[in-house]
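See structure below.
The values are calculated or read from the model by the stated rules, or taken from the named source; none is laboratory data. All values derive from a computational prediction rather than experimental measurement. Neighbour counts run over all protein chains shown; Cβ positions are idealised from the backbone, glycine included. Surface areas here come from the heavy atoms of the whole protein model, side chains and all, with no ligands, DNA or RNA. Shrake-Rupley method; radii C 1.70, N 1.55, O 1.52, S 1.80 Å.
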There are 2 protein chains.
Amino acid sequence: MAQKVYLSNYEFKEALNKYLEKIGSVFLNKEIINTEESLGRVTAEAVYSKISSPFYNCSAMDGIALHSSKTIGASEKRPVILEEGKDYIVVDTGDPVLREYDCVIMVEDIVNIDQNKIQIYKSAAPWQNIRPLGEDIVENQLIIPSGHAVRPVDIGAMLAGGVNTIEVYKKPLVGIIPTGTELVEPGSDLKVGDIIDFNSRVFSGQVIEYGGIPKRYGIVKDDYEVLKETLKRAVSECDIVIINAGSSAGREDFTSDLIADLGTVYIHGIAIKPGKPTIMGQIDNKPVLGIPGYPVSAYFIMEKVLKKVIEGYQGLKLKEPQRVEAILSRRIMSSLKYLEFVRMKLGYVGNKVIATPLSRGAGATMSLVRADGTLEVPQNVEGIEAGTKVEINLMRDMEEIKNTIVCIGSHDPVLDILADMLHVKSNHYYLSSAHTGSMGGIMALKNEETHIAPIHLLDMESGEYNISYINRYLKDKKIALVKGVKRIQGLIVQKGNPLSLKSISDIPAKNARFVNRQRGAGTRLLLDYYLRKLDISPERINGYEREEITHLSVAAAVASGDVDCGLGVYSAADMMGLDFIPVCNEEYDFAVPVEYLELDMIKELFQVMKSSEFLKELDKLGGYDYSDICEIVYI
Amino acid sequence: MAQKVYLSNYEFKEALNKYLEKIGSVFLNKEIINTEESLGRVTAEAVYSKISSPFYNCSAMDGIALHSSKTIGASEKRPVILEEGKDYIVVDTGDPVLREYDCVIMVEDIVNIDQNKIQIYKSAAPWQNIRPLGEDIVENQLIIPSGHAVRPVDIGAMLAGGVNTIEVYKKPLVGIIPTGTELVEPGSDLKVGDIIDFNSRVFSGQVIEYGGIPKRYGIVKDDYEVLKETLKRAVSECDIVIINAGSSAGREDFTSDLIADLGTVYIHGIAIKPGKPTIMGQIDNKPVLGIPGYPVSAYFIMEKVLKKVIEGYQGLKLKEPQRVEAILSRRIMSSLKYLEFVRMKLGYVGNKVIATPLSRGAGATMSLVRADGTLEVPQNVEGIEAGTKVEINLMRDMEEIKNTIVCIGSHDPVLDILADMLHVKSNHYYLSSAHTGSMGGIMALKNEETHIAPIHLLDMESGEYNISYINRYLKDKKIALVKGVKRIQGLIVQKGNPLSLKSISDIPAKNARFVNRQRGAGTRLLLDYYLRKLDISPERINGYEREEITHLSVAAAVASGDVDCGLGVYSAADMMGLDFIPVCNEEYDFAVPVEYLELDMIKELFQVMKSSEFLKELDKLGGYDYSDICEIVYI
């Protein structure tokens, strides 16, 4: 094993500034383009008008043009009669007003008396209803400055000002080289060890959003010479090149050597998380970046480094994300060694913005999809306490966040369907669910972090669902229980049930490998309830400590063959084509503070839940009884 | 004159909702596209993953995979020695971890002892550094809902989840028909009466921004049959058609008849300003809009109507503009009959956002270019008083507005150059100037609405510039006078000076047609000073009442032949190729509250003013003396 472990740990801003300074000289290539094709392009020079607009005096109204002196003394009692051709001419809006006329009377103020005679009841003032030459734009006037991204209205003003071509910065062509012997194209037949190359497609989208033009090269296997040839070609064809990945310290990670071989490596390793193994280099005067392989690391390096490189290239400061102040719902720990970017879920609950950290794994693509924003935890900060006010960089519109129902608690596949149907029905509303288990939902209600909490909590004494938990934990709040579905919980087992499991007591009996749910999940409590009832100690369950956080991921673990069984709902087993041994029926309901029942979006949600389309979906999934759906129990 | 004057005055929201309801049935055409080409497209169905990601258990680190049982008891004192092949295999990040192994130890925690032996100092926990199957995405999990605009990260998650094609709403093809005998293509040789067709190009840009695909037809002259054929063709080729203009009540405005002829007109005329003469119709089940001809009216109808039609077509709510609370600097009067959109200039001065209405003319394209936002004055509201807190819909980023130096006062062509050079030097800073004349600048300082005020105010008694005015009007403030330029004021006259004007007294003597500057302009005060000195009464000046608000527009009026002369600076005359009769030298300086001298953007501005590049530009313009530029006089 000859692995190189030598990344540096440059402070991020320092590294970036050093790099931008090094590559600064290659920037700002200009070209001349047609004004009408300049939408979104960045001006390289200030644009001054070449002609005035209007370039002659013209009528601002439909009406007649005449000399104001002919109208003197006109009144209701003594109208003035005027003759076409002799006294006036008819003009439409925009028609030129010749020098012998000095005003326009609008058509609404005119009474026709015959074919070519009219009368008026009011005298006209000189210059009324005339747009004088240059009223809008005067020749040689500044229309837009340099370094300005052209908008539709700018195109209008430039064309009106006689400017038909403008000088803009070239959009950089960004070469994207995906590397790795394990990479395969999307749509390939997959075998174990393959990784679908989706990173390079995300990069293409990001490059477009930053104003560059992406050029994706084919996947390059981990072969130094092949990669070298591809990199040479990309550098000769493009303005900026990014290589993904091979920027870490693995066996085949030789991106850094390669860049050094063909050019210069300025930085290898920055104090940022995720994103540490980043390479900033230059070959033949062109910026070359080594982007880490983990999708989340890659995303942030694109946002924080490539975006700045493209900004520099175009002489434009791209829009910064909007920011919002939020209250942190949970403590965040962070390393003193790194500037850390934490993806956050935001909820607008009870007039406060609540920010909750999402999964921090660098491989968690879905955390980027689900994120509403990011929190930057500075280097040299060890953590931030729950309850602290923090600034969040928004990844989603605040308006959308305000129109989103926050749903924290137990997971069931119907939540996804509900979220989708709500948004289809009322396209300004959203449902965002976080899967913390039923007790997590109760705690979120207690802390006023959620609008609704889906729960299925079995009272071990009474055998009743949900109500006793609300009474116990939320006694100082007014909570309604909106009835959801009765669903079948059972053992999710391999297709064909090879171990012939029949009940929970078979798990230890047949030494089946089990996968559990996380602490606080209602399904875990259900297991514990049965273990107690059956007098089985948890140590006898092989896999009691292995946790998954949704029914689907339990089913996926069974489907993979890693484990033999798990406890979950029928629909999850069915989706994965697995077998299912029913254990019991349970009540999956929604706890909602009474005040939120009045919110329009919550009303819409329960409308959807009652709708025949939704009930049809429940039938399709199977395993649900919805006989008392949306009945409200005030507690 | 057979003009039709019959527009209705529908309340805007009512009209729009009625229309959207009428055309609703044509919406939501779907198509299947490749996921990798779906950036910005709107999902027509919720997207669920087809495979898990990772779809096998894999290593989260570069290191070795092994069974944790082999590490039990390892410590600093009693390292455990392991052999490659027998005890472990080497894995890179992402490599599969076979079923016989249950953990990964990272490379940093390993010490090589020989070619295929290592030692470790710490036992490993089961599942450490392994990314289990489905850790990121579980098969059948919801990735993105329907009605969602695809972002780069969504493309990544979909491809990772094995989703290679998705169903999206079709982007509407929007036909744009410019009509009008007076219209000519940009770049044509212009003659009086021609109007450059820039509207259709602005529409193209707007359609792209709303997510549609523009298809621009050639200009159609005002001929009913030709227009009818073009409209028929556009309706058959496109999904939505807009006609511009012919929506008002002029002689050749038959768009409404034409739509009624081929289909249905639902609405003609809405209570909105600008934008009243709007037509909403439908032909062959396709939405057809008649857009007013005035550029500002057209812009708002595109924003307020076409944008909603495209939103409906794509099943997507497009982003609403950000809003900001601002203090209105001047009273706004508005008609009770209309919902009115007023373009606003915003300034961030002394921690307050100040909103000042821009020109309200429907032809003022530049007011759209210059606008930072819009204020909606509701129907049935007569006006809003100065000092009122109002909500502004932003057209520009608030961050940019905060980084903009507000400059209200006297106009000089050097301000444009200064604005541009500042932004080139420091691309996050902007200078925005409003031309209200010197006294307007003094008042803006008094009301704390501007950072700097360019002034040239001659004390009629002392003959001194600027200082006495600051002492008189701003005595309760700490103001510094930053010296600007001495500039030559004089008579701007026709090329060759056909009337042989030699001085101000020649204006009445030779009955020259004059154009004046607006009240409060320093240049107007200068004229008044000379008229008083020369004992000429203003009535003797032919055109004393005709006002322009910049030097350039005075020069443009002279160049057009409408007037014979005006008072202004040399550079304006020179830009327009006119002759110039010097009258006097005056001091054009910048009054700045002392506290603002410390703002970084103000410091940058004066750095630019002192720079040799800027002084070179002054030399190019001619007529400026900059011997004491940027000297500061504390008053």
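Mind checking whether some residue in region A:447-454 is over 28 Å from the mean Cα position of the chain (by Cα), within 28 Å of A:Y544 (Cβ to Cβ) and away from every other protein chain (no Cβ under 14 Å)? The answer is no; no qualifying residue exists.
Scanning region B:500-517 for residues that are surrounded by 17 or more Cβ atoms within 10 Å (Cβ to Cβ) and either outside any helix (DSSP H, G or I) or not aliphatic (A, V, I, L, M) (or both) gives B:L501, B:I504, B:D506, B:P508, B:A512, B:R513, B:F514, B:V515, B:N516, B:R517. The residue pairs whose first member lies in region A:304-316 and is at negative phi and within 12 Å of another protein chain (Cβ to nearest Cβ), whose second member is in a helix (DSSP H, G or I) and small (G, A, S), and whose beta carbons are closer than 8 Å, counting only pairs six or more residues apart or on different chains, are A:G312/A:G24.
Against the numbered list (1) at the interface with chain B (Cβ under 9 Å from one of its Cβ atoms); (2) open to solvent by 60 Å² or more (accessible area, probe 1.4 Å); (3) under 33 Å from the mean Cα position of the chain (by Cα), A:E37 comes up short only at (1). Listed by position, the strands (runs of 3 or more DSSP E) contained in region B:381-466 that have at least 3 residues being touching a residue at least 40 places away in the same chain (Cβ under 8 Å) and of a type in the set (A, V, I, L, M) are B:389-394, B:404-409. B:G383 satisfies every condition listed in (1) closer than 30 Å to B:Y266 by Cα; (2) away from every other protein chain (no Cβ under 14 Å); (3) not charged (D, E, K, R) except (1).
Condition check for B:Y588 on (1) in a helix (DSSP H, G or I); (2) surrounded by 15 or more Cβ atoms within 10 Å (Cβ to Cβ); (3) at pLDDT 95 or above: one failure, at (1). Given (1) modelled with pLDDT of 95 or more; (2) open to solvent by 10 Å² or more (accessible area, probe 1.4 Å); (3) out of contact with any Cys (no Cβ under 6 Å at 6 or more places or on another chain); (4) of a type outside the set (D, E), identify the lone condition not met by B:L567. Single failed check for B:L567: (2). Residues in region B:478-524 that are charged (D, E, K, R) and in contact with a Ser or Thr (Cβ under 6 Å, 6 or more places away or on another chain): B:R517 alone. Residues in region A:85-110 that are surrounded by 15 or more Cβ atoms within 10 Å (Cβ to Cβ) and among the charged types (D, E, K, R) were compared, and the one that is farthest from the chain's Cα centre (by Cα) is A:D87. Put simply, of B:G263, B:G212, B:G180 the only residue that is open to solvent by less than 60 Å² (accessible area, probe 1.4 Å), assigned by TED's automatic domain parsing to the domain that holds B:K304, in contact (Cβ under 8 Å) with a residue 24 or more places away in the chain and under 30 Å from A:K50 (Cβ atoms) is B:G180. Considering only residues that are crowded, with 20+ Cβ neighbours inside 10 Å and more than 7 Å from every other protein chain (Cβ to nearest Cβ), look in region B:183-198 and name the one that is farthest from the chain's Cα centre (by Cα). If we take residues in region B:183-198 being crowded, with 20+ Cβ neighbours inside 10 Å and more than 7 Å from every other protein chain (Cβ to nearest Cβ), then B:L183 is farthest from the chain's Cα centre (by Cα).
With respect to the stated conditions, B:V485 fails to be part of a helix (DSSP H, G or I), touching a residue at least 12 places away in the same chain (Cβ under 8 Å) and in contact with a helix residue (DSSP H, G or I) (Cβ under 9 Å, 6 or more places away or on another chain).
Condition check ((1) within 11 Å of chain B (Cβ to nearest Cβ); (2) more than 28 Å from B:V296 (Cβ to Cβ); (3) among the basic types (K, R)) across all residues:
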| site | (1), (2), (3) |
| --- | --- |
| A:N29 | no, yes, no |
| A:Y48 | yes, no, no |
| A:K70 | no, yes, yes |
| A:T93 | yes, no, no |
| A:N112 | yes, yes, no |
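Every residue, every condition in (1) charged (D, E, K, R); (2) open to solvent by less than 20 Å² (accessible area, probe 1.4 Å); (3) under 20 Å from the mean Cα position of the chain (by Cα), yes or no:
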{"site": "A:K402", "(1), (2), (3)": "yes, no, yes"}
{"site": "A:C407", "(1), (2), (3)": "no, yes, yes"}
{"site": "A:D416", "(1), (2), (3)": "yes, no, yes"}
{"site": "A:S426", "(1), (2), (3)": "no, yes, yes"}
{"site": "A:G437", "(1), (2), (3)": "no, yes, no"}
{"site": "A:A444", "(1), (2), (3)": "no, yes, no"}
{"site": "A:V482", "(1), (2), (3)": "no, yes, no"}
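Only one of the listed residues (B:A234, B:A298) is open to solvent by less than 10 Å² (accessible area, probe 1.4 Å), within 27 Å of the chain's Cα centre (by Cα) and modelled with pLDDT of 90 or more. That residue is B:A298. The residue that is surrounded by the most Cβ atoms within 10 Å (Cβ to Cβ), counting only those in region A:522-552 that are among the polar types (S, T, N, Q) and within 14 Å of another protein chain (Cβ to nearest Cβ), is A:T550.
Quick grid of which residues meet (1) closer than 17 Å to A:H551 by Cβ; (2) modelled with pLDDT of 95 or more; (3) surrounded by fewer than 16 Cβ atoms within 10 Å (Cβ to Cβ):
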residue	(1), (2), (3)
A:E461	no, no, yes
A:D476	no, no, yes
A:V485	yes, yes, no
A:Q489	yes, no, no
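Residues in region B:40-67 that are in contact with a Ser or Thr (Cβ under 7 Å, 6 or more places away or on another chain), open to solvent by less than 40 Å² (accessible area, probe 1.4 Å) and not in a strand (DSSP E or B): B:A44, B:A46, B:A60, B:D62. State whether one or more residues within region A:7-20 are on the phi > 0 side of the Ramachandran plot, at pLDDT 90 or above, surrounded by fewer than 14 Cβ atoms within 10 Å (Cβ to Cβ) and not in a strand (DSSP E or B). Within region A:7-20 (the criterion being on the phi > 0 side of the Ramachandran plot, at pLDDT 90 or above, surrounded by fewer than 14 Cβ atoms within 10 Å (Cβ to Cβ) and not in a strand (DSSP E or B)), the answer is no, since none of the residues qualifies. Here region B:166-176 is the region considered, the condition is being outside any strand (DSSP E or B) and surrounded by fewer than 22 Cβ atoms within 10 Å (Cβ to Cβ), and the residue that is nearest to the chain's Cα centre (by Cα) is B:K171.
Restricting attention to region B:114-124 and to residues that are in contact with a helix residue (DSSP H, G or I) (Cβ under 8 Å, 6 or more places away or on another chain) and crowded, with 21+ Cβ neighbours inside 10 Å, the residue that is farthest from the other protein chains (Cβ to nearest Cβ) turns out to be B:A124. Could you check how many residues of region A:125-161 are among the small types (G, A, S), in contact with a Gly (Cβ under 9 Å, 6 or more places away or on another chain) and within 7 Å of chain B (Cβ to nearest Cβ)? Going through region A:125-161 one residue at a time, the tally reaches 3. A:G156 falls short of the stated requirement of being open to solvent by less than 10 Å² (accessible area, probe 1.4 Å) and touching a residue at least 40 places away in the same chain (Cβ under 8 Å). The number of residues in region B:359-382 that are at pLDDT 90 or above and open to solvent by less than 30 Å² (accessible area, probe 1.4 Å) comes to 11.
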